[in-house]
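Report on one structure; see the data block that follows.
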């Protein structure tokens, strides 16, 4: 028993120089950068005040019970908390050195109050929150106009999730062509759904999109075109049921069209259809959206149609019985 007691005393004796070195290295690292605003603001003045007060209480206790090792160790932490507390006020930050200490403390407390719930919000922020906000922004701007009510709604979502939101910054990522923005928005939703988000979150996204579309009490033709397609995508993800689909097919009319189609749409699926070869370049949930895709290829003189097969049909069956256009 005596040997065990001696071992504990030895371990405590060893821990004191280790604690001293630990505290020194931590203080040394911060002290060197005490003049940097980011370093000063990274220290919690309230948290350090509580730590300092706690160390003072334990120091008094160890003096009373005459526990010298614990008193020495607590004194190290008392010193660390005091130094960090001074740094947290911004006392050495350039441009603030002439300010009074009480002014610096009040300023640090205001910053602390603003950031107090940051970590909590990070824990409760839904996964893919930035992606969802980006999708909603693209939807709001699909008609190239951000209504104040739509902006207010987006800013409310961003504030709730503690996300830095700038409509000007996101607008710089937009392209000039309306069709390109339609395709980009659809791809954003597809990419989001491909990461298998929670069913509840997908359902909430659907509700949020509906709320955003009706925020300005009007539905523009652009919104109507894209929302049917997006709602089809999301409904399919939620229900996993068979839905009416619209295949966009290109039928080569010249010998060099095959290579051109493969170059334009590398993922196009080639198959034999009535009267020859055809390429399926995409399957969509909205006839209007599919027609928009068709229009892009018709403009470069490719024979393109929208085909809506029955569940039992292949994409090529009764191909030319559908409405076609050049």
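Values in this text are rule-based calculations from the coordinates and carry no lab data. Keep in mind it's a predicted model, so treat the numbers as computed, not measured. Note that each Cβ is placed from the backbone with ideal geometry, even for glycine, and that neighbours are counted across all protein chains shown.
Here are a few things to note about the model shown:
- Chain lengthening between residue 155 and residue 174 when straightened (0.36 nm per residue, less Cα-Cα): 4.9 nm
- Computed from Cα atoms, the angle from the helix 199-213 axis to the main principal axis of the chain rounds to 70 degrees.
- Extension reserve of the residue 97-residue 146 stretch, reckoned as 0.36 nm per residue once the Cα distance is removed: 13.2 nm
- Using alpha-carbon coordinates, inclination of helix 148-160 to the longest axis of the chain, degrees: 40 degrees
- Cβ-derived FRET efficiency at R0 25 Å, residue 36 paired with residue 15, nearest 0.05: 0.20
- Correct choice for P(r) over Cα pairs in 10 Å bins from 0, in percent that was computed from the model, options (1) 6, 26, 37, 24, 6, 0; (2) 6, 24, 30, 22, 11, 5, 2, 0; (3) 5, 17, 18, 15, 12, 10, 10, 8, 4, 1: (3)
- Order by protection proxy (mean Cβ within 10 Å, highest first), peptides 46-54, 87-95: 87-95, 46-54
- Packing-based ranking of 254-263, 208-217, 288-297 yields 288-297, 208-217, 254-263, ordered from highest to lowest mean Cβ neighbour count within 10 Å.
- Anisotropy class of the range 153-204 from Cα gyration tensor, a/c 1.5 cut: oblate
- Centre separation in Å (Cα based) which lies between the range 233-295 and the range 159-217: 24 Å
- Residues in the range 80-109 that a label on residue 22 would reach, taking backbone N under 20 Å of a point 7 Å out along Cα→Cβ: 80-85
- Rounded tilt (10° steps) of 178-194 against the dominant C-alpha axis of the chain: 60 degrees
- Compared with the alpha-carbon gap, the fully stretched path from residue 308 to residue 60 is longer by 81.1 nm at 0.36 nm per residue.
- Note on the chain: helix-only mean residue ellipticity at 222 nm, from DSSP H runs of 4+ residues weighted -39500 (n - 2.57) and normalised by residue number, equals -20000 deg cm²/dmol.
- Length-normalised contact order of the chain in % [C-alpha pairs under 8 Å, at least 6 apart]: 12 percent
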